[in-house]
């Protein structure tokens, strides 16, 4: 079975990152924004692992582990904020959370 | 360039597209799980089995379950009742088909061998652990502190509102004022 060029894994990571960024910019529901953030972090992890696999080093997977930790902490805080917003404002629409506008 | 990698990348991109264009949050979560599983298969192809296992266990397992809890708490009408879930094929046929494609690819790779990266070689979990506990020990400690900060922050934000200490010079109930725009 033939091997995978490292470029193609990086192209896949770039496509996933672009899709996640599109989701963050386009969607208004905070839940979908958080999901798109997860997609972006996952794409970054894929780029790290692809780089580490290209050079045969373990550092790519170590960085993927750190990205995973970051994603877990971000999800905990983000979902707690989302629940607080849902409890106090009653909506998840990001455009309606405009109380801080001066 | 292997066909298995192209198919897996296509599954990941299709599932992610359906995540960001989805209307129902539960369906989007199912497609997000499929996208994460596809990325895990890509990790396996790239010669990173440890990262693939962590992707399935932590991302697709733990983080997505937390997402599912929150969706169940905030969505007004997220899913139909338990009797209709399996009969309505629209709910599960899309993620099921994509996941079945990934399963077939796993079986094919088990039979014919994992492709690997051009110019590189597979990195065993032992090498990752040795790097992690050696030169990256400070990063591991920082990650543990980050997780602790996330835990404390989530606990603080998730406290019920009536337990907050009232301000000394504002005897009016501060909780009522925050409801509704």
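FYI, it's all coordinate maths here, none of it is from the lab. Note that the structure is predicted; figures quoted are calculated from it, not measured. Positions of Cβ are generated from backbone atoms using ideal geometry, with glycine treated the same way; all protein chains shown enter the neighbour counts.
Panel order for B:90, B:159, by other beta carbons found within 10 Å of each beta carbon, from fewest to most: B:90, B:159.
What is the Rg over Rh value, at two decimals, for the stretch A:36-98, using alpha-carbon atoms and the Kirkwood definition of Rh?
Over the Cα atoms of the stretch A:36-98, Rg/Rh equals 1.21.
Each of A:98, B:144, B:35 has some number of other Cβ atoms within 10 Å of its Cβ, and from fewest to most they run A:98, B:144, B:35. Reported value for the stretch B:3-121: 110 Å³ per residue, from the convex hull of its C-alpha atoms.
Partner shielding of B:6-13 amounts to 4, given as the average count of beta-carbon atoms from other chains within 10 Å of each residue beta-carbon.
Averaging the sequence gap over all C-alpha pairs within less than 8 Å and six or more residues apart, then dividing by the number of residues, gives chain A a relative contact order of 26 percent. Here the residues A:100, B:29, B:137, B:46, ranked from fewest to most Cβ neighbours within 10 Å of their Cβ, fall in the order A:100, B:137, B:29, B:46. A crude spin-label estimate for the pair residue B:147 and residue B:90, with each label 7 Å from Cα along the Cβ direction, gives 4.1 nm. With the simple model of a label 7 Å out from the Cα in the direction of the Cβ, residue A:98 to residue B:126 spans 6.1 nm. The peptide list A:68-81, B:121-134, A:47-60, put in order of mean Cβ contacts within 10 Å with the highest first, becomes A:47-60, A:68-81, B:121-134.
Counting only other chain Cβ atoms within 10 Å of each residue's Cβ, the peptide B:42-54 averages 6. Any idea what angle helix A:30-55 forms with the longest principal axis of chain A, computed on alpha-carbon atoms, 0 to 90 degrees, nearest 10? Helix A:30-55 and the main axis of chain A meet at about 10 degrees.
To the nearest 0.05, how large is the calculated FRET efficiency for residue A:88 and residue B:107 if R₀ is 45 Å and r is the Cβ-Cβ distance? It comes out at approximately 0.35. Taking the Kirkwood radius as Rh and the Cα radius of gyration as Rg, the stretch A:1-56 has a ratio of Rg/Rh equal to 1.12.
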